[in-house]
Amino acid sequence: MRMSLFYQIQVPKPWTAESEAQRIYEALEQIPYAEEHGFDGVWFSEHHFRPVWSHNSAPDLTLAAVSQRTSRIRLGMAWCSRPSITRCTSPNAWRHSIS
């Protein structure tokens, strides 16, 4: 069985100036640990205009940071908001460069 992580960066209220960054850094610490323990993949969601859920409007950049900390784990983006992407930022444009 293959196991993957799925992240919707959740930032509960009350927010501080560091809340979002702290959640991203926590994920960046967890993912190499998961890779060491046999997890096969990691997925990030992309949502916009959600007050508490999915505080990650640029999962491609987060996955780029993950790629610098891991060597084997597969990377994926679980959702892409069509109005907010262009040909340059679509998953097909960058998936081969980070997986």
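The values are calculated or read from the model by the stated rules, or taken from the named source; none is laboratory data. Remember, predicted model here, so these are calculated numbers, not experimental data. Counting neighbours? That spans all protein chains shown, and the Cβs are built from the backbone with ideal geometry, glycine included.
From the list H55, H47, pick out the single residue that is modelled with pLDDT under 80, touching a Lys or Arg at 6+ places or on another chain (Cβ under 8 Å) and closer than 16 Å to F6 by Cβ. Full working, then the answer.
Working: H47 fails: touching a Lys or Arg at 6+ places or on another chain (Cβ under 8 Å).
Exactly one of H55, H47 is modelled with pLDDT under 80, touching a Lys or Arg at 6+ places or on another chain (Cβ under 8 Å) and closer than 16 Å to F6 by Cβ, namely H55.
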For residues that are of a type in the set (F, W, Y) and surrounded by 15 or more Cβ atoms within 10 Å (Cβ to Cβ), scanning just region 41-77, find the one that is farthest from the chain's Cα centre (by Cα).
W43
What pairs come up if the first residue lies in region 48-65 and is under 12 Å from I9 (Cβ atoms), the second is modelled with pLDDT under 75 and surrounded by fewer than 18 Cβ atoms within 10 Å (Cβ to Cβ), and their beta carbons are under 6 Å apart, counting only those six or more places apart or on different chains?
S54/H47; S57/H48
Say we look at region 64-93 and pick out the residues that are among the hydroxyl-bearing types (S, T, Y) and at pLDDT 65 or above; which of these is farthest from W43 (Cα to Cα)?
S71
Just give me the residues in region 1-20 being more than 15 Å from N56 (Cα to Cα) and of a type in the set (S, T, Y), in sequence order.
S4, T16
Which number in (1) assigned to a loop (DSSP other than H, G, I, E, B); (2) surrounded by 10 or more Cβ atoms within 10 Å (Cβ to Cβ); (3) of a type in the set (D, E, K, R); (4) at pLDDT below 90 marks the one condition that E20 misses?
(1)
